[in-house]
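Working notes, structure below.
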Amino acid sequence: MSRMIDKSALTQKVKNKERLNRQEGVALYDLDLYTLGALADAIRKSRYGTKSYFNINRHINPTNICKDICKFCAYSASRKNPSQYTLSHEEILNIAKNSYEHGAKEVHIVSAHNPEVGLEWYMGAFRKIKEACPDLHIKALTAAEVNFLSEEYRMSHDEVLDMMINSGVDSMPGGGAEIFDEQVRDFICKGKVTSEGWLDIHRKWHQRGRMSNATMLFGHIEERAHRIDHMIRLRDLQDETGGFNAFIPLVYQRDNNFLKVKEFLTGQEILKTYAICRILLDNIPHIKAYWATSTVGLALIAQEFGADDLDGTIEKESIQSAAGAASSHGLKLDEFVGLIKNSGFEPIERDSLYRELKSY
Ligand code: V47
């Protein structure tokens, strides 16, 4: 189908800043990497020049005990797993305080779906962090976790979202989106929040005047058309709410999980996907090359293929690193800044809502 679309007409349409439909989105993959890169780079440069955003953040993953079994996940542990853990409030608070004292502006708190710890374990941790560090931005609970809590405690999504706000959560991370196509989703993470559920939770969050991010897990069993479908569903919601700050394509990590993927993406396909999301998602301000899954090297190149954000220093990360990513320890600030500078871009430290804090 995509072969029927004239490549030069498609290229011209992108240059004219006209919105592309689903079929044209898929056809973008037929353009060569350099054409796509130039198109995405022009959009990126027209918005941000050579600025590349990052923040000083700390990822906290407080429990790995999960009632769900997502085939791609190497992080979760069943209750019988010897490597299971659940942090106490005191431990979570100490991590947050320590990071705050060392310059972190954001804690990114994402856990597994642990049915044993109780709602107060989730919410109380946020309250305690907010009380101790009022200026520390709390980005917490994916839509998948919101859905889990609502099912577990027989509450509506609205009630869980209100409880998050009352407990000090400032924004929501983009996790749990995986791939929206229902057939692929059923195969890779059956039982998790549905695609419609994920989108509706973010819709409700945005209706409360709050911002969030959106991810897409790619490079496993999905096809190009599924990625385009995913992006278009997000673009539609963004038209409605305007509440997404950033889109984050997460490159599938292959180790220690049940998804037996034989062929992995080439660097070209990953870069094409960054470029395509910059082109298609005309209404989402930022494209984040999350270095933990793309590798630092490819994230730096992605800056020339549409990405304007590199996430943050992270400090410690357990979800992707369990599946093979090199993010178990983050990046030191001076190293991160040096890498961005050496790649020809201007490192801009931002806060969680993309207000510029410092140019390095
Ligand atoms: O939703 C799990 C992903 C996500 C694997 O909002 C994997 O700023 C790759 O959402 N290979 C959680 N990915 C992380 C996340 C995130 C990360 C960075 C920034 C933001 C943000 C959000 O981790 C899950 C899932 O898609 N994940 N296993 C894996 N094997």
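Element breakdown for the stretch 46-195 at a 1.4 angstrom probe: carbon and sulfur atoms account for 49% of the accessible area.
Put simply, when 37-50, 253-266 are sorted by average Cβ atoms within 10 angstrom per residue, most first, you get 37-50, 253-266. Across the stretch 290-297, computed HN-Hα scalar couplings (Karplus, 6.51 cos²θ - 1.76 cosθ + 1.60, θ = phi - 60°) run 7, 4, 4, 9, 8, 6, 4, x Hz from first to last residue, x flagging Gly and Pro.
How much net charge surrounds E91 when only other residues with a Cβ under 14 Å from its Cβ are counted (Lys, Arg +1; Asp, Glu -1)?
That sum, taken over residues with Cβ under 14 Å, equals +3.
With a/c under 1.5 counting as rounded, go ahead and sort the stretch 26-135 into rounded, prolate or oblate using the C-alpha gyration tensor (a ≥ b ≥ c being the square roots of the eigenvalues; past the cut-off, prolate if a/b is larger than b/c, else oblate). Cα axes put the stretch 26-135 in the oblate bin.
For the set K67/K332; K272/K332; K97/K332; K139/K272; K13/K51; K288/K358, the pairs lying more than 24 angstrom apart at their alpha carbons are K67/K332; K272/K332; K139/K272; K13/K51. Distances between placed amide hydrogens fall under 5 Å for L217 paired with E178, I179, L250, all partners being 5 or more residues away or on another chain.
Rolling a 1.4 angstrom probe over the stretch 198-326 with all protein chains present gives an accessible area of which 49% lies on carbon and sulfur atoms.
Shape class for the stretch 76-166, computed from the alpha carbon gyration tensor (a ≥ b ≥ c): oblate, with a/c not under 1.5 and a/b at or below b/c. Highest GNM mean-square fluctuation among Q303, Q238, Q84, for the chain modelled with Cα contacts below 10 Å: Q84.
3J(HN,Hα) along the stretch 211-226: 9, 8, 10, 9, 10, 8, 8, 9, x, 10, 9, 6, 9, 3, 4, 5 Hz, from the Karplus curve 6.51 cos²θ - 1.76 cosθ + 1.60 with θ = phi - 60°, whole Hz, x for Gly and Pro.
Accessible area per residue for the chain, computed on protein heavy atoms with a 1.4 Å probe, is 41 Å². Could you let me know the centre-to-centre spacing of the stretch 238-301 and the stretch 58-76, using Cα atoms, in angstrom? Cα centroid of the stretch 238-301 versus Cα centroid of the stretch 58-76: 20 Å apart. For S46, neighbours were defined as the other residues whose beta-carbon sits under 13 Å from its Cβ, and their charges (Lys and Arg +1, Asp and Glu -1) total +4.
The values are calculated or read from the model by the stated rules, or taken from the named source; none is laboratory data. Quick caveat: nothing in here was measured; it's all calculated off a predicted structure. Heads up, the Cβs are rebuilt from the backbone with ideal geometry, glycines too, and the neighbour counts pull from every protein chain shown. Side chains are part of the model used for accessible areas, which takes the heavy atoms of the whole protein and leaves out ligands, DNA and RNA. Shrake-Rupley method; radii C 1.70, N 1.55, O 1.52, S 1.80 Å.
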